[in-house]
Amino acid sequence: FYLHFASKEDAFRQIVESTLARLAACLDAEKIGKSVRMTPAEHVARWRADDLEMFEFIWANRRVMRLMLDGGGSADFGYLINQFADRTRKQAAEALRLGVANGLYRHDLDVDVASMVLAGGRDRVARELVRAERKPDLPTLLATLQRVCLTGIGSARLAAVVDRPVKKTVRHARLNVGTKHAGTRRSRSR
């Protein structure tokens, strides 16, 4: 062991770096760039295939991934995960910019916010996956994740309200958190 590694920490760092390199291959910027130049149907299929490849890898390596996502028991390794997360978010932002330019995504999309949501959502799914006792139906899970990302969670009625300018939809209201008094109610309207 010590012929190849100076310490256990060095060995774990090598494991983390090689695992992150494999994950980075799943999120390769060139592959994503090609995907946004496809037809919408091809783009959706490619996105699902790429996500499935990545999350199958995460599942197959869930014990190592769990250690990595928990920082490896040392602050010395957390920066590697953070660097990977930052790079992933930047790649997502670039892919979204290309997708906007190619008409796949809304022209008014804030790619910086959207990339944070996408990266955060995938991170959360990965963290839940590595703690699962049984393998979930990954194709169905990832199709649901994709549907939420591409179509949102709101109904058409809700979307109509959200798309209005903020000044017209938000009234200034007092928040009455914990202000109920015995026998009285405070009004929430002005």
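The values are calculated or read from the model by the stated rules, or taken from the named source; none is laboratory data. For clarity, every value in this text was computed on a predicted model and none was experimentally measured. Reconstructed Cβ throughout: ideal geometry from the backbone, glycine too, with neighbour counts over all protein chains shown. Ligands, DNA and RNA are stripped out before the accessible areas are found, and what is left, the full protein with its side chains, is counted by its heavy atoms. Shrake-Rupley method; radii C 1.70, N 1.55, O 1.52, S 1.80 Å.
Here Tyr2 passes the criteria (1) open to solvent by less than 60 Å² (accessible area, probe 1.4 Å); (2) modelled with pLDDT under 75; (3) over 15 Å from the mean Cα position of the chain (by Cα) except the one numbered (1).
Name the residue, out of Asp50, Asp108, that is surrounded by 13 or more Cβ atoms within 10 Å (Cβ to Cβ), acidic (Asp, Glu) and modelled with pLDDT of 85 or more. Before you say what the answer is, go through the steps one by one.
Values: Asp108 fails: surrounded by 13 or more Cβ atoms within 10 Å (Cβ to Cβ).
Being surrounded by 13 or more Cβ atoms within 10 Å (Cβ to Cβ), acidic (Asp, Glu) and modelled with pLDDT of 85 or more holds for just one of Asp50, Asp108, which is Asp50.
Applying the condition of being within 14 Å of Asp10 (Cβ to Cβ) and open to solvent by less than 40 Å² (accessible area, probe 1.4 Å) to region 63-80 and asking which residue is modelled with the highest pLDDT yields Leu80. Figure legend. Inter-residue proximity from region 143-162: first residues within 18 Å of Asp123 (Cβ to Cβ), second residues open to solvent by 70 Å² or more (accessible area, probe 1.4 Å) and among the charged types (D, E, K, R), beta-carbon distance below 9 Å, spacing 6+ or different chains. Indicated pairs: Gln146/Arg48.
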